[in-house]
Amino acid sequence: METIGVLMTCPPFFPYLLEQLEKRFTLYKLQNAPDKTQFINSHKNSIRAIVGSGGFGADAKLIDQLPKLEIISSHSVGLDKVDLPKCKEKGIRVTNTPDVLTDDVADLAIGLMLAVLRRLCESDRYVRSGKWKKGVYKLTTKFTGKSVGIIGLGRIGMAIAKRAEAFSCPISYYSRTEKRDVKYKYYPSVVELAANCQILVIACALTEETRHIVNREVINALGPMGVLINIGRGPHIDEPEMVSALLESRLGGAGLDVFEDEPNVPEQLFRLENVVLLPHVGTATVETRKAMADLVVGNLEAHFSNKPLLTPVV
Ligand code: 8YV
């Protein structure tokens, strides 16, 4: 029987995912194709599914080029690179990988808070450079008890809140509507949240409404003692405004796992000791990426065997 054609729009960066897909499907790796347009034209009538990731989804143009497309299974929780309205219009199903990655991303948010406030990366470099032989490292800033403001109190935001509570951090949040079933202080605007916390964390989905949700006004409200943490998407922040604020000491520090133009990172940040820069590794543990891959494959298997999807979005 002819196997089902699956187009992989993300780089083949995870061997386990590749292995599991290639066992079951005919896999077309778009990122390996020297001529992507010609590649799509050659295989478009064989492709019934797409596997994407946080950074590589399926835009309207690609979706319209695939007449047999039935489902998009994303190796991510974020779907900002998938044209969901187009999928709804064409009856294409969409799945993602929520829950299995929540702990890793929340853990990393706490790790970034500690790393920035206690200068963990800078003090590591201090030892490695031999400077410790000439004197002790300077005093840093306590994390326990600092007020944490969370933009977006979904699964990841809630997991961050619970972790921060264990550090005796007062928690507040912004979301479009106040959540009745939570005990944290709600602020109806991000500016008010920023003005009333010491650590501001971005944990919401990227949409047209949340693009640049952290702008100059929010950054100034967070202020010169404030720390900005981003484990969401780079475009949540007006990046040039953040860079200026850090260079002008209008912002106290930043812990960033995502950037507007990955893998390109503003080089003015490289010399700042109050900034920690990570290469979008929020979900990048062996255990979590395996669990995500199993969901990607499980959703495809469910679709093609007419069983209920495991994590449907559309
Ligand atoms: C990874 C992510 O970047 O879950 C997301 O939205 O951004 C991360 O999981 C990537 O998508 C893993 O393939």
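The values are calculated or read from the model by the stated rules, or taken from the named source; none is laboratory data. Every value quoted in this text rests on a predicted model; they were computed, and no experiment measured them. Every residue, glycine as well, gets a Cβ built from its backbone with ideal geometry; the counts of neighbours run over all protein chains shown. Note: areas computed on protein heavy atoms with side chains; ligands, DNA, RNA excluded. Shrake-Rupley method; radii C 1.70, N 1.55, O 1.52, S 1.80 Å.
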Would you pick out the residues in segment 110-124 that are closer than 19 Å to L272 by Cα and either open to solvent by less than 60 Å² (accessible area, probe 1.4 Å) or modelled with pLDDT under 95 (or both)?
G111, L112, M113, L114, A115, V116, L117, R119, C121, E122, S123
Test: L84 is modelled with pLDDT of 95 or more and within 16 Å of the ligand (Cβ to nearest atom)
yes
Can you spot a residue in segment 57-74 that is open to solvent by less than 10 Å² (accessible area, probe 1.4 Å), polar (S, T, N, Q) and not assigned by the TED database to the domain that holds A203?
yes
Which numbered condition trips up G130, out of (1) more than 23 Å from Y173 (Cα to Cα); (2) away from the ligand (no atom under 16 Å from the Cβ); (3) within 18 Å of the chain's Cα centre (by Cα)?
(3)
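Say whether the condition of being out of contact with any Lys or Arg (no Cβ under 6 Å at 6 or more places or on another chain), away from the ligand (no atom under 11 Å from the Cβ) and of a type in the set (A, V, I, L, M) is met by at least one residue in segment 70-80. Reasoning before the result, please.
Going residue by residue through segment 70-80, those that are out of contact with any Lys or Arg (no Cβ under 6 Å at 6 or more places or on another chain) are 72-80.
With away from the ligand (no atom under 11 Å from the Cβ) added as a condition, the list becomes 72-73.
If we keep only those that are of a type in the set (A, V, I, L, M) too, we end up with 72.
Looking through segment 70-80, at least one residue is out of contact with any Lys or Arg (no Cβ under 6 Å at 6 or more places or on another chain), away from the ligand (no atom under 11 Å from the Cβ) and of a type in the set (A, V, I, L, M).
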Exactly one of (1) in a helix (DSSP H, G or I); (2) free of Cβ contacts under 8 Å to residues at least 24 places away in the same chain; (3) open to solvent by less than 60 Å² (accessible area, probe 1.4 Å) is unmet by V127. Its number?
(3)
Looking only at segment 297-313, count how many residues are within 16 Å of the ligand (Cβ to nearest atom) and open to solvent by 40 Å² or more (accessible area, probe 1.4 Å).
2
Which ones in segment 244-296 are open to solvent by less than 50 Å² (accessible area, probe 1.4 Å), more than 16 Å from the ligand (Cβ to nearest atom) and over 24 Å from R211 (Cα atoms)?
L272, N274
Residue check, V94 against (1) touching a Pro at 6+ places or on another chain (Cβ under 8 Å); (2) open to solvent by 20 Å² or more (accessible area, probe 1.4 Å), all met but one. Which one?
(2)
Quick check on this structure: which one of C121, C87 is over 21 Å from L295 (Cβ atoms) and of a type outside the set (A, V, I, L, M)?
C121
Looking only at segment 199-243, how many residues end up being crowded, with 16+ Cβ neighbours inside 10 Å and outside any loop (DSSP other than H, G, I, E, B)?
22
If we keep only residues of segment 11-26 that are modelled with pLDDT of 95 or more and buried (at least 17 other Cβ atoms within 10 Å of the Cβ), then the residue farthest from the ligand (Cβ to nearest atom) is F25
